[in-house]
Structure formats: C-alpha cells, structure tokens
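Here is the structure we will look at.
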Amino acid sequence: MILVDSYSEDNSVGEIGVYSGSNIKIGQSFTCADGGPLNSAKFHLYKGGSPSGDCYAVLYAHSGTYGTNGIPGSLLATSDAFDVSDLPTENELVTFAFSGAEKYALQDSTYYFIVFEYSGGNSSNAAHIRYDTATLTHDGNMTYYQSEFVTFAYDAPFYVYKDSVALTVDMWQPKTNQPYLRKPEVVAY
C-alpha cells in the first residue's frame, strides 16, 4: 500500500466528540497527486464511555476552495464497518479498510475529503477524534457535520492509502527469443 496524503497525529492538541445529536461527521480535505485504488484510511481516535454501533471512514468529492472553505460534495466510497466499541480508550491511530466496490479509483491531481462518521451514542458514550488548532500545517481544512457540512479552520490528523498494483512483466531470453518464466513485480501505481 502507498501513502496518498497525511497529517501526523503528533500535531494533535484537542479532541471533538462524535455522537448522535452533535457532530456526527468530522473530516479533512486532502490531495491525491497520483491516482490509484483506495485502500484504507486512519484517524486519531478514542472512545469515551461505552458507545455502541458501527463507525466508518467515508470518501467524498471536494466542493469549495481547497484549504479555505472546502466542504464535502458527493459521497464516493464507504469503508467496512468498524465496531465503535472496539475503539481504544486512549488516543491511537485506527485503520478503516475499503474493500470490493468501495475501493474507489482515486484520480490524479484531485482534491477529496476523508470523513470519520458515527451517528450513535451520546455525550457520555461517544467516539472522539483528535485535531490540531495550533500548528495547522496541512494545506487542506477540516469539516464537521450536524445538519450540514461546515468548514472548520483547523486540521485533523489522518492517513489515506492506495493499493500497490502488481504487474506481470515478460522477460525474454536474448538468444532464443523465448520468454523466461513470468515474474510478478510490485510497482507503484
């Protein structure tokens, strides 16, 4: 797997609760320089209390001006469900896998949003996502959702990965012009 874009969890200085009746979606815009099949995403998360149900990472198209007033547009892909009760009790990077038809083909030189979503729980039983209000060195911007997506002028630590692609390469013997055994090689997409 190959890193598409990221913002280090070392920049985390605060957290936001994600639960029903409050923020149910928190995310970050990012850039895909070189396209490829979406593999996975990570967020810096922990749980408070005993939340239940599933949470997801969701890929959205980008709307607005990148890094200034960007908000998510159309939904493009949803990760496999992650049981929110399995979130750690202390801050950790948590991986969300995209599989099957949800392995969206990221495009070259394109902006996206990756969003953490959880619509269950309450203020005492919630998922918490870490974010940065101080360093702010990622060129994108955060977003949150209560009844609609709103630009948030901070940054959320995240990682987005695409698949490595295995190619089969034919190698020919120079004198006989016969192929060697086919050898799979993994190259960057």
Single match in G100, G48, G67, G120 (criterion: in contact (Cβ under 8 Å) with a residue 24 or more places away in the chain, of a type outside the set (K, R) and at positive phi): G67
Boolean, L59 is surrounded by 15 or more Cβ atoms within 10 Å (Cβ to Cβ), aliphatic (A, V, I, L, M), more than 24 Å from T135 (Cα to Cα) and in contact with a Leu (Cβ under 9 Å, 6 or more places away or on another chain): yes
Residues (among the small types (G, A, S) and closer than 23 Å to H138 by Cβ) located in region 58-96: A61, S63, G64, G67, G70, G73, S74, A77, S79
Every residue from region 78-90 that is under 15 Å from the mean Cα position of the chain (by Cα) and surrounded by fewer than 20 Cβ atoms within 10 Å (Cβ to Cβ): T78, D80, A81
Only one of K42, K47 that is farther than 18 Å from Y144 by Cβ, over 14 Å from the mean Cα position of the chain (by Cα), modelled with pLDDT of 95 or more and not in a loop (DSSP other than H, G, I, E, B): K47
Enumeration of residues in region 6-24 that are surrounded by fewer than 21 Cβ atoms within 10 Å (Cβ to Cβ), outside any loop (DSSP other than H, G, I, E, B) and not aliphatic (A, V, I, L, M): S6, E9, D10, N11, G14, E15, G17
Hits in region 112-153 - residues which are surrounded by 19 or more Cβ atoms within 10 Å (Cβ to Cβ) and not in a strand (DSSP E or B): Y118, G121, H138, G140, N141
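The values are calculated or read from the model by the stated rules, or taken from the named source; none is laboratory data. All of these numbers come straight from a predicted model, not from anything done at the bench. Don't worry about glycine lacking a Cβ; one is built from the backbone with ideal geometry, like all the others, and counts go over all protein chains shown.
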